[in-house]
Amino acid sequence: LARSVQHTAVRQAHRKYEPDFHDKYGNLVLLGGAAVFSVVWGYALTQIGIEWGFSPVGRVTPKEWRE
Amino acid sequence: MLASRAFSLVGKRALSTSICLRAHGHAGVVKAEDFSLPAYVDRRDLPLPEVAFVKDLSAQQKALKEKEKASWTALSVDEKVELYRIKFNETYAEMNKGTNEWKTVLGGVLFFLGLTGLILIWQKRFMYGPVPHTFSDEWVAAQTKRMLDMRMNPVEGISSQWDYEKNEWKK
């Protein structure tokens, strides 16, 4: 019986909950983390000279090799 | 049970352990600690917990509990809610409510993966030697033509991707 009261009454008399850390900073942490990740790995993958060994197909123009 | 048998002189009433202690001073029975008594718990699969949520009622709440003994139609909506909150902590809706914890978790994971990337950058800069000369653009271009000239992997591999008539990569 007590629980069925919930359907009528609690909707009006809802207890206000204090926002927790995730409510306050969740979006900031998520976007901040994504930003750090993209910047660091964007730089690492493209700018520091890592040889990825991509396929020459469609990319490399063959050059004469015989001397 | 042992306690009530020992103090039968106090009467044949069933005695709780705490009353026994008060009645007899040192009892040989230890006062029941909170953790050993039935506890309240908010669980989706336990609709009626063993005890009410609020144990010690204020004077106002005690009065309300008296009013509850009469006809319930006399109770206002707010009083019914107050009675509910005495008996239960969270509603099912509150219990089931999701949180934003995933944002903190995912953001934290991405951040630390970013720090890992910094380690890789340091390694490339300070640890690894230069890339072998066979990876330079001219060498790769010459290497590629030599592979195509000797018809390397002609069935499904690299030579099958080259159009020998038009002298270009197949579209």
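The values are calculated or read from the model by the stated rules, or taken from the named source; none is laboratory data. This structure is a prediction, so every number in the text was calculated from the model and none was measured. All Cβ positions, even for glycine, are placed from backbone atoms using ideal geometry, and neighbour counts span all protein chains on display. Calculation scope for accessible area: heavy atoms of the full protein, side chains included, ligands and nucleic acids excluded. Shrake-Rupley method; radii C 1.70, N 1.55, O 1.52, S 1.80 Å.
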Practice task
Please give the residues of the range A:28-67, grouped as numeric ranges, whose backbone N is less than 18 Å from a label point set 7 Å along the Cα-to-Cβ vector of B:Lys124.
Solution key: A:36-55
Practice task
Heavy atoms only, probe 1.4 angstrom, no DNA, RNA or ligands counted: give me B:Thr116, B:Thr144 ranked by accessible area, highest first.
Solution key: B:Thr116, B:Thr144
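Order the following by accessible area, largest value first: A:Phe21, B:Phe35, B:Phe53. Probe radius 1.4 Å; ligands, DNA and RNA are ignored. Before the final figure, lay out the partial values.
Numbers: A:Phe21 105, B:Phe35 175, B:Phe53 85 Å².
Most to least solvent-accessible, the answer reads B:Phe35, A:Phe21, B:Phe53.
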Problem - 5 angstrom amide H check on B:Trp169, placed H, neighbours 5+ away - result: B:Asp163
Completion exercise
Going residue by residue through the range A:37-42, the Karplus relation 6.51 cos²θ - 1.76 cosθ + 1.60 with θ = phi - 60° gives ³J(HN,Hα) values, rounded to whole Hz and with x marking Gly or Pro, of 4, 5, 5, 4, 6, x
Fill in the blank from the handout: Between A:Tyr43 and B:Ala39, the FRET efficiency computed from the C-beta separation at R0 = 41 Å comes out, to the nearest 0.05, as 0.15
Problem - Full-stretch length increase - B:Ala93, B:Leu113 - with 0.36 nm per residue and alpha-carbon distance subtracted - result: 3.6 nm
Exercise for the section: For a quick protection proxy, order the peptides B:128-139, A:52-63 by their average other-Cβ count within 10 Å, most packed first. Expected result: A:52-63, B:128-139
Fill in the blank from the handout: Heavy-atom accessible area of B:Val30, protein chains in place, probe 1.4 angstrom, given in Å² to nearest 10, is 120 Å²
Handout entry: For B:Glu90, solvent-accessible area (1.4 Å; no DNA, RNA or ligand), Å²
Key = 50 Å²
Completion exercise
Total charge of the residues flanking B:Val140 in space, meaning their Cβ is under 12 Å from its Cβ, with Lys and Arg +1 and Asp and Glu -1, is +1
Handout entry: Average other protein chain Cβ within 10 Å of Cβ, residues B:74-86
Key = 4
Exercise for the section: Considering only protein heavy atoms, with the full assembly of protein chains and a 1.4 angstrom probe, order B:Trp162, A:Trp65, B:Trp72 by accessible area, largest first. Expected result: B:Trp72, A:Trp65, B:Trp162
